[in-house]
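The values are calculated or read from the model by the stated rules, or taken from the named source; none is laboratory data. None of the values given here were measured: they were computed from a predicted structure. Cβ placement follows ideal geometry from the backbone for every residue including glycine, while neighbour counts extend to all protein chains displayed. Surface accessibility is based on the protein's heavy atoms, side chains included, excluding ligands, DNA and RNA. Shrake-Rupley method; radii C 1.70, N 1.55, O 1.52, S 1.80 Å.
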Amino acid sequence: MSKFAILGHGVVGSGTAELFLKNKDNINKRQGTDIDLKYILDIRDFPDSPYAEKFVKDINVILEDDEVTVVAECMGGINPAYTFVKSCLERGKSVCTSNKQLVAEKGAELHAVAKANNCNFMFEASTGGAIPILRPLHTCLAANEITAIAGILNGTTNFILTKMIEENMTFDAALTMAQQLGYAEKDPTADVEGHDACRKICILASLAFGSHVYPQWVYTEGISSVTLEDAAYATSANSAVKLIGSVWKLKNGKLLISVRPCFVCRSCQLALIDDVFNGIMVCGDGIDRVMFYGRGAGKLPTASAVLGDVIDCFKQTGTVMSQTWEDSRSSSFIEDHLNAEVRMYVRLDGVSRETAEKLFPGSVYLDREGKPESELAFITTYMLEKDIIHNLNSLGSAVLGKMPLLDM
Ligand code: HSE
């Protein structure tokens, strides 16, 4: 019998137990395995749980039980998850985690610990919720030079943007609903300010390009400055406002990586992804582009990804899977986003068209219902972002909004 333990009984941890115990017989039959869940670690009591006897409060019970060879970490955050995961790996127990912060900040180190102890550190559930993206990126697409990855990587913000724009819901009401549905982080600032999407693009970039990209190296903006006026201009430009995490391999060999709200052209499939769904487009020299789509957050969708890894770890017992990357000592391989050329949507107040045309020649001007006389909105031609920012700075408080255009 192959036994595993789950660390944490929150949204994802409880979903992992529920989905496994519901489908256990079929999983074992189809996969030719004999897997069972032995422990659930949580400091809280769950006396009414149908599997109350599985709960333990002390990690040492799991660490010292040789029958437990795989551990699913669903606690989130760095502490104590990092200590627990490292201790499991040091004892040769494979770990499958949904914890994107842990992977984005400690991934290179934990990969090395897993390798040294002949076990696996797996993290499919950390990115894209239910979507199988990391394993396909690392295996099925292995023959490609990856040139770009762009995606909607946070279900909560995509849900909020969809509810605000399509259903006229307020930001606060949409966020509350996302929390009730179990999409949002414990501290939803991580969703709203783009930190969660940043961790996910770091994981994708690290895996695709082989060097650890740390979150603090990534230019990150959230959705708190996006307004319904911006959304209306996006509609008039045949686009949709989406929080996009992207990484591009530049001709100079560096990576251009960011998380920021964008005007996404409706010709791009990412513009069509609404609600809690995530979409990730991967471009490579062999494939042109491949699109991954599915539920990006939530109890059972994320549990599905955790369990996929758990099952794989049991099937690959004794082998070290290669889903890994090297640590990196400096950010010199990351390009400053200000040095890249972009087309930028800009919304100004009290600036004449003549002035705007001098600063941003060749722009396409936009309209919206109820546009005040004093408002001017346009999309620039391709310009270096630092030149756009320089020109906008000269207009001071007249700048009401700006975001880059994504057309891929
Ligand atoms: N808070 C995250 C999201 C959960 O909304 O995408 C899934 O990682």
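A few points about this structure:
- Candidates Ile59, Ile78, filtered to the one that is in contact (Cβ under 8 Å) with a residue 40 or more places away in the chain and either open to solvent by 20 Å² or more (accessible area, probe 1.4 Å) or not charged (D, E, K, R) (or both): Ile59
- Counting the residues of segment 103-126 that are in a loop (DSSP other than H, G, I, E, B) and either open to solvent by less than 10 Å² (accessible area, probe 1.4 Å) or in the same structural domain as Val218 (by TED's automatic domain parsing) (or both) gives 3.
- Residues located in segment 314-333, provided they are in contact with a Ser or Thr (Cβ under 7 Å, 6 or more places away or on another chain) and closer than 14 Å to His111 by Cα: Trp325, Glu326, Ser328
- Count of segment 309-327 residues which are surrounded by fewer than 18 Cβ atoms within 10 Å (Cβ to Cβ) and more than 30 Å from Asp34 (Cβ to Cβ): 2
- Scope segment 51-70; condition at pLDDT 95 or above and either part of a loop (DSSP other than H, G, I, E, B) or charged (D, E, K, R) (or both); matching residues: Glu53, Lys54, Lys57, Asp58, Glu64, Asp65, Asp66, Glu67
- Filter result (in a helix (DSSP H, G or I), within 13 Å of the ligand (Cβ to nearest atom), in contact with a helix residue (DSSP H, G or I) (Cβ under 7 Å, 6 or more places away or on another chain) and not polar (S, T, N, Q)) within segment 143-173: Phe159, Ile160
- Residue within segment 199-217 that is touching a residue at least 24 places away in the same chain (Cβ under 8 Å), under 30 Å from Pro372 (Cα atoms) and part of a loop (DSSP other than H, G, I, E, B) present: no
- Residue tally, condition out of contact with any helix residue (DSSP H, G or I) (no Cβ under 6 Å at 6 or more places or on another chain) and either open to solvent by 40 Å² or more (accessible area, probe 1.4 Å) or free of Cβ contacts under 8 Å to residues at least 12 places away in the same chain (or both), over segment 254-284: 6
- Qualifying positions in segment 1-45 - part of a loop (DSSP other than H, G, I, E, B) and either over 19 Å from Thr317 (Cα atoms) or touching a Lys or Arg at 6+ places or on another chain (Cβ under 7 Å) (or both): Gly8, His9, Gly10, Thr33, Asp42, Ile43, Arg44, Asp45
- Number of the condition not met by Thr156 [criteria: (1) open to solvent by 30 Å² or more (accessible area, probe 1.4 Å); (2) in the same structural domain as Gly245 (by TED's automatic domain parsing); (3) closer than 30 Å to Val71 by Cα]: (1)
- Taken together, the criteria place Gly296 among residues that are open to solvent by less than 30 Å² (accessible area, probe 1.4 Å) and either in contact with a Gly (Cβ under 6 Å, 6 or more places away or on another chain) or of a type in the set (Phe, Trp, Tyr) (or both).
- One residue from Ala240, Ala297, Ala271 being aliphatic (A, V, I, L, M) and within 12 Å of the ligand (Cβ to nearest atom): Ala297
- Count of segment 377-390 residues which are within 14 Å of Ser352 (Cα to Cα) and open to solvent by 20 Å² or more (accessible area, probe 1.4 Å): 0
- With respect to the conditions (1) over 17 Å from Met321 (Cα atoms); (2) part of a loop (DSSP other than H, G, I, E, B), Cys140 lacks only one, and its number is (1).
- Residue that is least open to solvent (accessible area, probe 1.4 Å) [pool: residues in segment 174-193 that are of a type in the set (Gly, Ala, Ser) and within 11 Å of the ligand (Cβ to nearest atom)]: Ala178
- Tally, over segment 218-253, of residues that are touching an Asp or Glu at 6+ places or on another chain (Cβ under 9 Å), open to solvent by 30 Å² or more (accessible area, probe 1.4 Å), assigned to a loop (DSSP other than H, G, I, E, B) and not acidic (Asp, Glu): 3
- Matching option when the condition is crowded, with 16+ Cβ neighbours inside 10 Å, without any contact (Cβ under 8 Å) to a residue 60 or more places away in the chain and under 26 Å from the mean Cα position of the chain (by Cα), among Lys54, Lys86, Lys38, Lys100: Lys86
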